[in-house]
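Encoded as structure tokens, the structure appears first; notes follow it.
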Amino acid sequence: MDKIKYQLNGEIYDEKIKIQYGNLIIYDNYVDDLVTSTSGELELNLNFGNSITVSPVIAKLIESQVCLVPKCPKCFDNKYGYTPIIMSQEQFKELWTAMKYDPCSDMNYINQITSDEMLLMWFISSNCRYPVDNIKDYLKYLHSKILCTSKESDLFQSLINKLFYNDIEGLSVKNTIIDIKGTMEKVIIYLDKKTNYEWDAFRIDDNNIYLNLGMNKCIPIFKK
């Protein structure tokens, strides 16, 4: 698991924080602009080092860890940035305490992640954006952009259709995220785009298929 690192500076009422996940800057701005819970859930307004563009995420529990998932429908916007961020509850509490929040109180706003949210993390990892106000229209657009996969087979075509049309019977989308192993084979989805047209979508090994989220993380979904 990548470590959360942070650096605070400034006066208490005008304090700024830079937060890194591994080597990636995920936030660099005022502490007061980072956190909100207006929707009844704990949200973080990440900016990936760019103070102009805000990419809101929602904190969720996945097993004993805190995971940041994309917020709909903002995550469909063209400038929305996302990478899967997973931290231990101890890391979360340390960060929250450093920002002078109450981690025990705010943990009450963090709900368990759902299978739909797990899949949303994968869809957004495509780096394909289309500004709509619901996931149904977004998935219709994203599916229309798929040209082929680097490992052509009926299995992958069927799998893609099931994932996009929420027909996940027979799949095993577990609410768990694991590290990618070096022995796993990469499977690319090619998209009809001028840039970022290679979606590093899947990993496979002898017995399983996984959804690749990036940052060396994947979701087990299918046992061959």
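Each reported figure results from applying straightforward, stated rules to the coordinates on display, with no laboratory input. Everything numeric in this text was worked out from a predicted model, so none of it was measured. Heads up, the Cβs are rebuilt from the backbone with ideal geometry, glycines too, and the neighbour counts pull from every protein chain shown.
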Specify the angular offset, from 0 to 90 degrees and rounded to the nearest 10, of the alpha carbon long axis of helix 89-98 from the longest principal axis of the alpha carbons in the chain. 30 degrees
In deg cm²/dmol, rounded to 500, what helix-only [θ] at 222 nm does the chain give when every DSSP H run of at least 4 residues adds -39500 (n - 2.57) and the total is split over its residues? -5500 deg cm²/dmol
Using alpha-carbon pairs under 8 Å, 6+ residues apart, how would you state the relative contact order of the chain in percent? 14 percent
With just the Cα atoms defining each centre, how far is the range 56-87 from the range 174-191? Give it in Å. 18 Å
Helix 154-164 against the longest principal axis of the chain: what's the angle in degrees, Cα atoms only, rounded to the nearest 10? 40 degrees
At most 15 other C-beta atoms within 10 Å and a DSSP loop state: those are the exposed GluC sites (Glu not before Pro) I care about. Give me the longest piece of the chain that has none. 64-151
For K194, give me every one of the lysines with a C-alpha distance below 22 angstrom, ignoring sequence neighbours fewer than eight places off in its own chain. K79, K140, K145, K151, K186
Extension gain, N175 back to N134 (0.36 nm per residue minus Cα-Cα distance, nm): 12.5 nm
Report the relative contact order of the range 6-112, percent, no decimals, based on alpha-carbon pairs under 8 angstrom and at least 6 residues apart. 18 percent
Any chance you could tell me what percent of the C-alpha pair distances in the range 1-49 go past 13 Å? 59 percent
In the range 143-220, which trypsin sites (Lys or Arg not before Pro) fall in coil by DSSP and have 11 or fewer other Cβ atoms within 10 Å? K181, K194
What is the fewest-to-most order of C72, C104 by other Cβ atoms lying within 10 Å of their Cβ? C104, C72
Counting C-alpha atoms alone, how compact is the range 1-117: give Rg to one decimal and Dmax as a whole number, in angstrom. 13.4, 42
Qualifying aspartates and glutamates (Cα of each under 12 Å from Cα of K74; at least 8 residues distant if same chain): D133
Which angle from 0 to 90°, rounded to the nearest 10, does the C-alpha axis of helix 135-144 make with the longest principal axis of the chain? 50 degrees
Roughly what % antiparallel, to the nearest 5, for the DSSP beta bridges in the chain? 95 percent
I'd like the FRET efficiency for T114 and Y141, computed as 1/(1 + (r/R0)^6) with the beta carbon distance as r and R0 of 25 Å, rounded to 0.05. 0.65
What does the charge count near I85 come to, summing +1 for each Lys or Arg and -1 for each Asp or Glu among other residues with Cβ under 12 Å from its Cβ? +2
